[in-house]
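S.K.: Take this structure first; my questions come after.
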Amino acid sequence: MVSTINDNPFSLEAMYQPYEFFARLREWEPVHYNEEYEVWMVTDWEHLVWVTRHPEVFSSSVFARDVRPPNPPIDEDDMEIYNYIKKWQVSRFIQHDQRRYNTEISGPDHVDMRRVMHGYFTPKSMEMWRPLVQSAIDELLDVVQEKGRMDVMADLATPLPLLVIARMLGIPDSDRPIMRRLAKDLRHLNRTGPDRMGPLSESVQNLQDYLGPLVDERIDNPRDDLISVVAEGARRGIFDRDMVVNNVMLLLSAGHETTINLICNGTLAFTQHPDQWATLKSDPEGKTVRATEEALRYDSPVKSIQRIAMEDIDLNGQQIRKNDRVRWFISGANRDPKVFDRADDFDVERYPNMHVAFGSGIHHCLGATLARLEGQEIFRNLANRFESLELEVPTETLEYDQLIGLRALESLPVKVTNA
Amino acid sequence: MARQLKITVDYNVCVGNAMCETFAENTFGLNEDRQSYVKDAAGDPEETIIEAAENCPVTAITVEDAETGEILFP
């Protein structure tokens, strides 16, 4: 069938009216082939969950298995850099299959790698970080309260998760600004520009150069920090040294880029829904957990993730072929009216709330517990401190970074009224 | 003899991360929706089962003493 509707996930509409864009695709063809980018787009909840729960059919090992040239295309001269990027990607644990589902694997598999870090991120072990998160928020909000306004992005959403993940990893406080700059350039992976490989590989290289010595130190002399937890994987023969570096880099970037979006997108939702703000304010302690889940669903920090088909398969009547690229869209599934009543309403008391903001299945986000903790403390503290939150600019002037994978505001100016 | 456990999985929460099965493979399995189910509440030692429940990323698993109803986790 010829596409009669806009199916371009990089289009301005997909960036600025994503929920209209994904709703139309979901209703028309929830499993849809995009000819231009040669990728299957999955936009409903049922098929997204099926794809994520069947890793033997839809592999996460995207870069190792994908033999076709990148699409969106890149400059021809950059193919060598692309191969370097591929190698970097392949060493990240999230790009590995599990032996149980893909029997050809020899050596460590996804679950062996995940288990190196998994215990650190359980709901129970994450609780020890709540006091640090609370005190960091207090410090940031003291300044906001004095000024009566904030750029949520610069004054709250960026510093908090960066401070927390840097403290966890054991990175010196003074190095945080450079970490942020380097990590932010990893976003080029999610862009369309044919020249995106240069800045991407530069930031990967710089981060490797920065993190390498910190990792080497911990491989020899473990400390009480998260880099040492990952380095333990090298001592146990699950990672080699470069894999430790690249997985620490993954924890660093995933540990703050996405949470930034949760804080900004959630705060924006509260400015747009005064009734829901009032509900949260009626009992911040009691309501912040479900409110955070709803923020995750309503305007999800991560928009989409890619897989690669391991075999020919029929999905919703569509013939997907082995080695086809498949991208699932959280932003579509989380507004699916078949699963969520009044799916386009922001309802902070929603329960149950089976959103897929963290994906699902064996690759369900490792850092979900940390993101939740930070979101819960942010929304609880905002509600405790401020009477009202008011957007300082018209909604339509807000700018989003043009990424296929992340729902990332550029800035979010908000006026606060003290309680 | 070890006490009997009552183990329940909350299907409004379980995301099929399968860590429970990784930690206690004789106790937990995956159903056809690839969510966790209890195949044998006495499949593994109690501490192994508790460890599996602790490692659930979404705290979907509750473990009780089957006789007294005492909640052992969470």
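S.K.: Let me have the relative contact order for the stretch A:159-299, percent, based on Cα pairs under 8 Å that are six or more residues apart.
M.R.: 22
S.K.: I'd like to know which of A:Ile308, A:Leu140, A:Gln17 lies farthest towards the positive end of the charge dipole of the protein assembly as shown, counting +1 on Cβ of Lys and Arg and -1 on Cβ of Asp and Glu.
M.R.: Ranked along the dipole, the leading option is A:Ile308.
S.K.: Something else about it: Would you tally the net charge around A:Pro172, using a Cβ to Cβ cut-off of less than 13 Å, leaving A:Pro172 out, and scoring K and R as +1, D and E as -1?
M.R.: My count for the surroundings of A:Pro172 gives -1.
S.K.: Taking a point 7 angstrom from the Cα of B:Glu67 along the C-beta vector, which residues in the stretch B:1-26 have backbone N less than 14 Å away?
M.R.: Those under the cut-off are B:1-6.
S.K.: Using the Cβ atoms and a cut-off under 14 Å, what net charge is assigned to the surroundings of A:Asp347, where Lys and Arg are +1 and Asp and Glu are -1?
M.R.: Within the 14 Å Cβ shell, the charges total -2.
S.K.: For peptide B:2-12, compute the average count of partner chain beta-carbon atoms within 10 Å of each residue's beta-carbon.
M.R.: Mean partner-chain Cβ count within 10 Å for B:2-12: 1.
S.K.: Highest first, please rank the peptides A:353-359, A:17-23 by the mean number of other Cβ atoms sitting within 10 Å of their residues.
M.R.: Packing proxy ranking, top to bottom: A:353-359, A:17-23.
S.K.: Would you look at the GNM of chain A, springs on alpha carbons closer than 10 Å, and say which of A:Pro73, A:Pro301, A:Pro284 moves the most?
M.R.: A:Pro73
S.K.: Quote the relative contact order of the stretch A:42-163 in percent (integer), defining contacts as alpha-carbon pairs under 8 Å separated by 6+ residues. Before the final figure, lay out the partial values.
M.R.: On the way: 58 pairs, mean separation 20.4, N = 122.
17 percent.
S.K.: If you stretched the chain out fully between A:Asp314 and A:Asp242, how much longer would it get, using 0.36 nm times the residue separation minus the C-alpha to C-alpha distance?
M.R.: 22.1 nm
S.K.: Still on this structure: Which of rounded, prolate or oblate describes the stretch A:357-413 when judged by the alpha-carbon gyration tensor and an a/c cut-off of 1.5?
M.R.: On the way: a/c = 3.84, a/b = 1.26, b/c = 3.04.
Judged from the Cα gyration tensor, the stretch A:357-413 comes out oblate (a/c at least 1.5, b/c at or above a/b).
S.K.: With +1 on each Lys and Arg Cβ and -1 on each Asp and Glu Cβ, how big is the dipole of the stretch A:12-418 about its Cα centre, in debye rounded to the nearest 20?
M.R.: Values: 48 positive and 67 negative charges, 212 e Å.
Dipole magnitude for the stretch A:12-418 comes out near 1020 debye.
S.K.: Pop the C-beta distance of A:Asn418 and A:Asp175 into the FRET formula with R0 = 30 Å and round what comes out to the nearest 0.05.
M.R.: Here the calculated transfer efficiency is 0.35.
S.K.: Under a cut-off of 12 Å between alpha-carbon atoms, report the aspartates and glutamates in cross-link reach of A:Lys287, not counting same-chain residues fewer than 8 places apart.
M.R.: Those aspartates and glutamates meeting the cut-off are A:Asp347, A:Glu349, A:Glu377.
S.K.: Placing unit charges on C-beta atoms (Lys and Arg positive, Asp and Glu negative, everything else neutral), compute the dipole magnitude of chain B about its Cα centre in debye, rounded to 20.
M.R.: The calculated dipole for chain B is roughly 160 debye.
S.K.: Oh, and also: From the phi angles alone, apply the Karplus equation (6.51, -1.76, 1.60; θ = phi - 60°) to the stretch A:102-112 and give each ³J(HN,Hα) in whole Hz, x where the residue is Gly or Pro.
M.R.: 10, 6, 6, 5, 10, x, x, 10, 4, 6, 4
S.K.: For the stretch A:157-225, build the convex hull from the C-alpha positions and give me its volume per residue in Å³.
M.R.: Normalising the Cα hull of the stretch A:157-225 by residue number yields 90 Å³.
S.K.: What is the sum of charges around A:Gly107, taking Lys and Arg as +1, Asp and Glu as -1, for the other residues whose C-beta is under 14 Å from the C-beta of A:Gly107?
M.R.: -3
S.K.: If I model a spin label as a point 7 Å beyond the Cα along the Cα-Cβ vector, how far apart are those points for A:Arg99 and A:Glu349 in nm?
M.R.: Simple spin-label model gives 5.0 nm for this pair.
S.K.: Percent of Cα-Cα pairs more than 19 Å apart in chain B, please.
M.R.: 23
S.K.: If you wrap a convex hull around the Cα atoms of the protein assembly as shown, how much volume per residue is inside, in Å³?
M.R.: Enclosed volume per residue, from the Cα hull, is 154 Å³.
S.K.: Taking 0.36 nm per residue of sequence separation and subtracting the Cα-Cα distance, how much length would be gained by fully extending the chain between A:Arg223 and A:Glu38, in nm to one decimal?
M.R.: 62.0 nm
S.K.: What is chain A's relative contact order, in percent, from Cα pairs under 8 angstrom and six or more apart in sequence?
M.R.: In percent, rounded to a whole number, it is 25.
S.K.: Still on this structure, please answer the following. Summarise the partner chain shielding of A:97-105 as one whole number: the mean count of Cβ atoms from other chains within 10 Å of each residue's Cβ.
M.R.: The shielding value for this peptide is 1.
S.K.: Within straight cross-link reach of A:Lys281, meaning Cα distance under 23 Å, which lysines are found once same-chain residues fewer than 8 apart are removed?
M.R.: A:Lys147, A:Lys415
S.K.: Please give the contour-minus-distance gain from A:Phe10 to A:Asp195: 0.36 nm per residue of separation, less the Cα-Cα distance, rounded to one decimal in nm.
M.R.: That works out to 65.0 nm of additional length.
S.K.: Add -39500 (n - 2.57) for each DSSP H run of 4 or more in chain A, then divide by its residues: what number comes out at 222 nm, to the nearest 500 deg cm²/dmol?
M.R.: Calculated at 222 nm, the ellipticity per residue is -15000 deg cm²/dmol.
S.K.: Scan the stretch B:1-68 for GluC sites (Glu not before Pro) in coil per DSSP, keeping those whose Cβ has at most 13 other Cβ atoms within 10 Å, and list them by number. Mind showing how you got there, number by number?
M.R.: Working: sites: B:Glu21, B:Glu25, B:Glu32, B:Glu46, B:Glu47, B:Glu51, B:Glu54, B:Glu64, B:Glu67; in loops: B:Glu25, B:Glu32, B:Glu67.
In loop regions of the stretch B:1-68 (DSSP not H, G, I, E or B), the sparsely surrounded GluC sites (Glu not before Pro) are B:Glu32, B:Glu67.
S.K.: Continuing with the same structure: Using each residue's phi in the stretch A:248-253, evaluate 6.51 cos²θ - 1.76 cosθ + 1.60 at θ = phi - 60° and report the 3J(HN,Hα) Karplus result to the nearest Hz, with x for Gly and Pro.
M.R.: After applying 6.51 cos²θ - 1.76 cosθ + 1.60, I find 5, 4, 4, 5, 4, 6 Hz.
S.K.: Cross-link candidates for A:Lys124: which aspartates and glutamates have Cα within less than 12 Å, leaving aside residues fewer than 8 places away along the same chain?
M.R.: Partners within reach: B:Glu51, B:Glu54.
S.K.: Any idea how far apart B:Ala41 and A:Ser282 come out in nm if each label point goes 7 Å out from Cα toward Cβ?
M.R.: Here the modelled spin labels are 3.8 nm apart.
S.K.: May I pose another question? Evaluate peptide B:25-35: per residue, the Cβ atoms of other protein chains within 10 Å of its Cβ; return the mean as an integer. Show your work: numbers first, answer last.
M.R.: Values: counts 0, 0, 0, 0, 0, 4, 0, 1, 3, 9, 4.
So the per-residue partner count for this stretch is 2.
S.K.: On a 28 Å Cα-Cα criterion, which of the cross-link pairs A:Lys338/B:Lys6; A:Lys86/A:Lys184; A:Lys87/A:Lys184; A:Lys87/A:Lys303 come out too long? Spell out each step's value before the answer.
M.R.: Details: A:Lys338/B:Lys6 33 Å; A:Lys86/A:Lys184 19 Å; A:Lys87/A:Lys184 20 Å; A:Lys87/A:Lys303 24 Å.
Beyond 28 Å: A:Lys338/B:Lys6.
Since every read-out is calculated from the coordinates, none of them should be taken as a lab result. Everything numeric here is computed off the predicted structure, so don't read it as measured data. Note that each Cβ is placed from the backbone with ideal geometry, even for glycine, and that neighbours are counted across all protein chains shown.
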